[in-house]
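Read the figures in this text as sums done on the coordinates, not as results from a lab. Please read these numbers as outputs of a predicted model, since none were measured by experiment. Note that we place each Cβ from the backbone using ideal geometry, even for glycine, and neighbour counts take in every protein chain shown.
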Amino acid sequence: IIPSFAIVALFTRPISGKLSDKVGRVFVMILGAAVTTIACGLYLLIPIVSLFFINRAFHGFCAGFTPTGFTAYADDVVPIEKRGEAMGIIGICNNIGNAIGWVIGSKCTMEFGLDVMFIIASLLGLISLIMFMTLKETIPDKQGFSLSLLKLKRNELFEWRVLLPGMVLLLTAFTSGAILALISDFTAYIGLNNKGLYMAIYILSSLVIRFMAGRWSDYYGRKWISLLGAIALTLSMITLAFAKDIYLYSISSVLFGVGFGLLSPSLFAWAVDLSLPGLKGKAVGTLFIFLEIGIILGSSVTGLLYGSKSENFTISFIVSGIVTFIPVIILIRAMMLEKKMKALKKRHG
């Protein structure tokens with residue numbers, strides 16, 4: 001289920017980035033919201049599992065469009081010196097939306113069944129669609145949509161300028177894929193009934209840190225805050241690998257929330273910092289490509305390592321911790337190189 005959604009989202013990122021820069025941010029947001037509205041409604045009509053996966057993949061189309069549009073839109077309307085803060089606010093809203101979705105979805109399913117839950121999800125998608133339609137476009141010279149815009153040239157697939165923040169996001173998103181794939185089974189394994197507990201603690205801690213993380217990245221620098229986030233995620237995975245009760249389990253979840261709360265606004269602001277004028281959508285879309293690849297790899301690799309055997313939880317989370325430690329090394333080396341270059345510039349005037 002996770003890869004079917006993420007793979008389609010992955011392939012739509014370059015298209016959404018191009019359309020965001022050419023046709024407009026609002027167009028891309030509206031298109032994504034329309035797809036999620038339709039997809040949630042179609043779940044009501046699906047009689048067999050194979051069609052469920054097809055619709056789930058179609059639903060992934062939304063994940064490839066709407067976030068690209070609203071991330072670039074937010075950067076268009078805020079001052080440069082508050083870019084990190086803006087990315088933090090986006091993350092806060094995203095987390096709140098996810099939390100509300102899990103709470104309402106679970107409650108509706110238990111009380112009224114899946115059909116009512118999907119109806120509510122579709123209605124919320126429709127509300128977002130209407131809200132996006134009220135926004136004023138921010139790109140100055142937008143084009144009309146044409147099918148030719150869906151054809152991508154090789155140089156339109158990827159924004160190489162954001163390679164460094166992208167690699168950091170890919171390697172740290174590996175942990176997100178691992179958690180999505182394993183945390184439900186692991187929660188039951190250590191004797192906890194509420195399978196959403198880890199995600200609830202994660203969201204709460206992430207919300208708290210995001211209020212400050214964006215501003216910190218504006219003040220202290222993207223690399224420093226990203227480094228702290230990667231360290232927190234590494235500690236989270238190692239802690240979870242040895243968790244046998246709710247205490248270490250909760251500590252891991254708090255660290256997980258702190259890690260992504262620091263990383264997300266810093267990395268997206270960093271990517272926009274590196275982008276050229278008129279290519280913000282492409283830069284954001286590229287960063288989301290790295291995110292999707294990380295989630296796909298994390299969920300697939302750790303799922304294979306786990307193999308439905310509880311004794312494999314430890315190795316699965318340790319591997320996630322090792323993968324997430326790689327960005328720590330990358331960021332330290334990048335900051336050392338940056339410091340060295342500044343010293344050389346200063347020495348030679």
- [ ] State, to one decimal in nm, how far the label point of Ile130 lies from the label point of Leu192, with both points 7 Å from Cα in the Cβ direction.
- [x] 3.8 nm
Open item on the list: What is the distance in Å between the Cα centroid of segment 182-224 and that of segment 107-158?
Closed with: 26 Å
- [ ] Sketch the reach of a paramagnetic label on Leu149 as a point 7 Å from Cα along Cα-to-Cβ, and name the residues of segment 279-321 whose backbone nitrogen lies under 19 Å away.
- [x] 279-286
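Loop by DSSP (not H, G, I, E, B), at most 15 other beta-carbon atoms within 10 Å: where is the longest site-free stretch of the chain for chymotrypsin sites (Phe, Trp or Tyr not before Pro)?
Answer - 1-144.
Suppose a student asked you for the relative contact order of the chain, using Cα pairs under 8 Å spaced at least 6 residues apart; what percent would you report? All intermediate terms of the calculation are to be shown ahead of the outcome.
On the way: 581 pairs, mean separation 95.4, N = 349.
This gives 27 percent for the chain.
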Task: Over 23 Å between alpha carbons, listed pairs Lys82/Lys151; Lys151/Lys223; Lys280/Lys346; Lys82/Lys142; Lys18/Lys82; Lys142/Lys280 - done: Lys82/Lys151; Lys151/Lys223; Lys280/Lys346; Lys82/Lys142; Lys18/Lys82
Open item on the list: Apply the Karplus curve 6.51 cos²θ - 1.76 cosθ + 1.60, θ = phi - 60°, to the phi angles in segment 33-46 and return the couplings in whole Hz, x for Gly and Pro.
Closed with: 5, 5, 5, 5, 4, 5, 4, 4, x, 5, 4, 5, 9, 7
TODO: Let me know the Kirkwood hydrodynamic radius for the chain, please, with Cα pairs as the basis and the value in Å to one decimal.
DONE: 20.9 Å
- [ ] Using the Cα centre as the reference, give the magnitude of the dipole from point charges on the C-beta atoms of segment 51-174 (Lys, Arg: +1; Asp, Glu: -1; all else neutral), rounded to the nearest 20 debye.
- [x] 300 debye
- [ ] Per residue of segment 228-242, in order, report the coupling 6.51 cos²θ - 1.76 cosθ + 1.60 (Karplus, θ = phi - 60°) as ³J(HN,Hα) in whole Hz, putting x for Gly and Pro.
- [x] 4, x, 5, 5, 4, 5, 4, 5, 4, 5, 5, 4, 5, 4, 10
Open item on the list: Residue by residue through segment 157-165, what is 3J(HN,Hα) from phi via Karplus (6.51 cos²θ - 1.76 cosθ + 1.60, θ = phi - 60°)? Round to whole Hz and write x for glycine and proline.
Closed with: 6, 8, 9, 5, 5, 9, 4, 5, x
- [ ] Enumerate by residue number the trypsin sites (Lys or Arg not before Pro) in segment 255-338 meeting two conditions: DSSP loop (anything except H, G, I, E, B), and at most 12 other Cβ atoms within 10 Å of the site's Cβ.
- [x] Lys309
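Only Lys, Arg, Asp and Glu count, each charged at its Cβ (+1, +1, -1, -1), so figure out the dipole size of segment 243-349 about its Cα centre, rounded to 20 debye. Mind dumping the intermediate values first?
Working: 11 positive and 5 negative charges, 162 e Å.
Computed charge dipole of segment 243-349: roughly 780 debye.
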Open item on the list: Under a Cβ-only charge scheme (Lys and Arg +1, Asp and Glu -1), can you give me the dipole magnitude of the chain about the Cα centre, in debye to the nearest 20?
Closed with: 1260 debye
TODO: Give the cross-link partners of Lys136 among the lysines, using a straight C-alpha distance below 17 Å as the criterion and excluding same-chain residues fewer than 8 apart.
DONE: Lys22
Task: Positive-end residue, segment 149-243 charge dipole about Cα centroid, Cβ charges, pick of Leu164, Ser236, Ser176 - done: Leu164
- [ ] Please name which of Leu51, Cys62, Phe325 has its Cα lying farthest along the dipole of the chain towards the positive end, using unit charges on Cβ (Lys, Arg +1; Asp, Glu -1) and the Cα centre as origin.
- [x] Phe325
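Could you work out the relative contact order of segment 4-154? I mean the mean sequence separation of Cα pairs under 8 Å and 6+ apart, divided by the number of residues, in percent.
Rounded, it is 39 percent for segment 4-154.
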